[in-house]
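First comes the structure, then the notes that go with it.
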Amino acid sequence: MAEIQEIFEEVKKKYPDFNGEIRVKLARDPFEAKGHEALWEVLVAQIQAECGIEVEPAGENAWGDAAIFQAAGIPTLMLGARGDNFHAPQEWVSISELGMLINILQKTVEQFCVLRSLST
């Protein structure tokens, strides 16, 4: 909000009649994966087995439902197939990666559920 307000002030210097106002209509806490370490280990192993690649955690400058699940105490990570133009008419996703993702998720869920049942 401070950055937007600075932009408004710069515009106002050039165009004195300009008036801008920031109104927050919806605010959500950012998602930072926590309490997911066991899920992460299973997921990484499945990605490496399916794709043969090393996996590094990465951040994403976007909001998703993951924050809601994590707030409810559900171990949560965000993962998807390669694509672009998300939530736009030209959105696309790699079909071959989507197939790999399905396999990865199925095996991850199965193994993670087994680990959870063994720990209870």
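Please treat every number below as a calculation from the coordinates, not as lab data. Being a predicted model, the structure only gives us computed values, none of them experimental. Note that we place each Cβ from the backbone using ideal geometry, even for glycine, and neighbour counts take in every protein chain shown.
Points worth noting:
- Degrees between helix 2-14 axis and first principal axis of the chain (Cα, 0 to 90, nearest 10): 30 degrees
- Distance (nanometres) between label positions extended 7 Å along Cα→Cβ at residue 28 and residue 111: 2.9 nm
- Those residues of region 61-82 whose amide nitrogen sits under 11 Å from the label point placed on residue 93, 7 Å along Cα→Cβ: 79-82
- Mean residue ellipticity (222 nm) of the chain, computed from DSSP H runs ≥ 4 via -39,500 (n - 2.57), nearest 500: -16000 deg cm²/dmol
- An ellipsoid equivalent to region 21-120, defined through the eigenvalues of its Cα gyration tensor, has semi-axes of 26, 21, 11 Å when rounded to whole angstrom and sorted largest first.
- Degrees, to the nearest 10: 37-51 long Cα axis against longest axis of the chain: 80 degrees
- When the Cα convex hull of region 43-100 is projected onto planes of every orientation, the mean area is 5.0 nm².
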